[in-house]
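Peer 1: I'd like to ask you about the structure that follows.
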Amino acid sequence: MIEFSEDEEIQTYLDEWVPFRIKELKEPVPREQEEARPARLVRLRPAGFPLRDIQKVYPINVTNDRLFEVYAREQWMGATIRKGDFLFDSRAMPDFAFEVVKVLPPGEVSITEETVVSLEKAEAQRPLWMGTSYSFADIIGHQEVKDKCALVIRYLKDPESFGEWAPRNILFYGPPGTGKTMTAKALAKETDSTLFLIRATDLIGEFVGDGAKRIHDLYQSALDTSPAIIFIDELDAVGLDRAFQSLRGDVSEVVNSLLSELDGIKENKGVVTIAATNNVGILDQALRSRFEEEMEFKLPDKKERLELLRHYIGKLPLKVSAGLGKYVAATEGFSGRDIKDKLLKTALHRALLDDAGEITEEHLDAALKQMPKGTQPPKEMFS
């Protein structure tokens, strides 16, 4: 009798590719009548929580494969399984599911003390990054911010020339819709840099230690694709001062890991971190102090609102037949995004619904009246 090697890859080849297997010539045996053989190998894939969002992938942070094998074998000893079944970790709340993606020998097997249990190695997940079509021509106003960004541009184009004096950590702050994200996108385009856009809350992991790993992977990915910009939006969501929130372990883990990266313990040459917040005053001082430069984004003044109106009107698919002076005054306190989305976009949609060939004063006035209370212009403007 020929004895084949126990090597897993040879066994897989025999099971999957030898066309004339004896068992294929036999009548199928019902599962309940088939005798389970001792499993030599069981390979698992994390499948997630059955009662949570099925669209979300829940990562598993296994740092010691041997420890996981002992844990899994002790928990599922004696279980009868086959490929495609699910095993539930009863020690997680709710039960965490693992899919059985491979067993040796094939068929129905039983987990014993001799079974090798392994976790499928997923390909390393890289944070999503994106190119951008925005440029500094799209940013109206904020001249002081643009002037300061000139140094960042020089660094990203020539990281070697700065050495230890590189502008690595920058904080953008100001009201929503004033152009913080747009400026980061414009910087990426100007310097041909990879842009990583992420909300601070996305850095919080599902398991202890996962948040730190996400931050490490984020910065490693940025370093691998440098020059790169990491833009962390809504920093205050995790970086609140202790006086504003009770200390949570998952948030503390994220902040501590982020502090390590911002401190430059590992040199990330050609990588700039830009964080954004709408309320800089509530940031934890330890976190805020790591940013070498703070750049304020203010609401547009009268001149800038006129420029914004002209800029966005030039992009509209319909002509605007209305004097702009009235709407410059009416949009005091508006951000650039308010002017674009709440005034011009609303007016455009009304014109399209009316099958009008142009956007008139009537459409613009109706858009202004639709604004939330507290942001509407005085009634005399419409008289």
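No value in this document is a laboratory result; all are computed from the given coordinates. This structure is a prediction, so every number in the text was calculated from the model and none was measured. Heads up, the Cβs are rebuilt from the backbone with ideal geometry, glycines too, and the neighbour counts pull from every protein chain shown.
Peer 1: Expressed as a rounded percentage, what relative contact order does the range 136-296 have, with Cα pairs under 8 Å and six or more residues apart?
Peer 2: Relative contact order comes out at 35 percent.
Peer 1: Something else: Once R0 is set to 22 Å, what does the formula 1/(1 + (r/R0)^6) return for the Cβ-Cβ distance between Asp217 and Ser260, expressed as a FRET efficiency to the nearest 0.05?
Peer 2: After rounding to 0.05, the efficiency reads 0.95.
Peer 1: Any idea how far apart Val116 and Glu358 come out in nm if each label point goes 7 Å out from Cα toward Cβ?
Peer 2: Distance between label points: 7.8 nm.
Peer 1: Could you tally the net charge around Lys157, taking each other residue with its Cβ under 12 Å from the Cβ of Lys157, Lys/Arg +1 and Asp/Glu -1?
Peer 2: Value of the local net charge: -3.
Peer 1: Could you pull out the trypsin sites (Lys or Arg not before Pro) across the range 285-319 that fall in loop regions by DSSP (anything but H, G, I, E, B) with no more than 16 other Cβ atoms inside 10 Å?
Peer 2: Answer in residue order: Lys298, Lys315.
Peer 1: Let me ask you something else. Using a simple spin-label model with points 7 Å from Cα along the Cα→Cβ vector, what separation in nm is obtained for Tyr71 and Lys345?
Peer 2: Calculated label separation equals 4.4 nm.
Peer 1: Tally the DSSP beta bridges in the range 136-296 and give the antiparallel ones as a percent, rounded to 5.
Peer 2: For the range 136-296, the DSSP antiparallel bridge percentage is about 5.
Peer 1: Past 32 Å, Cα to Cα: identify those pairs from Lys180/Lys319; Lys269/Lys345; Lys102/Lys213; Lys189/Lys213; Lys83/Lys213; Lys180/Lys315, in the order given.
Peer 2: Numbers: Lys180/Lys319 29 Å; Lys269/Lys345 42 Å; Lys102/Lys213 28 Å; Lys189/Lys213 28 Å; Lys83/Lys213 30 Å; Lys180/Lys315 21 Å.
Going by Cα-Cα distance, Lys269/Lys345 fall outside the 32 Å limit.
Peer 1: Using the count of nearby Cβ atoms within 10 Å as a rough guide to exposure, how do His363, His311, His349 rank from fewest to most? Could the numbers behind the result be given before it?
Peer 2: Working: His363 24, His311 16, His349 13.
The fewest-first ordering by Cβ neighbours comes to His349, His311, His363.
Peer 1: Stretched out fully, how many nm does the piece from Asp192 to Asp95 gain, at 0.36 nm a residue minus the Cα gap? Numbers along the way, then the final one.
Peer 2: Working: separation 97, 0.36 × 97 = 34.92 nm, distance 4.55 nm.
Residue separation times 0.36 nm, minus the Cα-Cα distance, leaves 30.4 nm.
Peer 1: When Thr181, Thr331 are ordered from fewest to most other Cβ atoms inside 10 Å of their Cβ, what list results?
Peer 2: Thr181, Thr331
Peer 1: Let a ≥ b ≥ c be the square roots of the eigenvalues of the Cα gyration tensor of the range 302-382; is it rounded (a/c under 1.5), or, if not, prolate (a/b larger than b/c) or oblate?
Peer 2: Details: a/c = 1.63, a/b = 1.23, b/c = 1.33.
Oblate, because a/c is 1.5 or more while a/b does not exceed b/c.
Peer 1: Can you tell me the FRET efficiency between Lys148 and Phe88 if r is taken as the Cβ-Cβ distance and R0 is 56 Å, rounded to the nearest 0.05? Before the final figure, lay out the partial values.
Peer 2: Details: r = 54 Å, r/R0 = 0.96.
Computed FRET efficiency for Lys148 and Phe88: 0.55.
Peer 1: Do you know the relative contact order of the range 302-382, to the nearest whole percent, from alpha carbon pairs under 8 angstrom that are 6+ apart?
Peer 2: 32 percent
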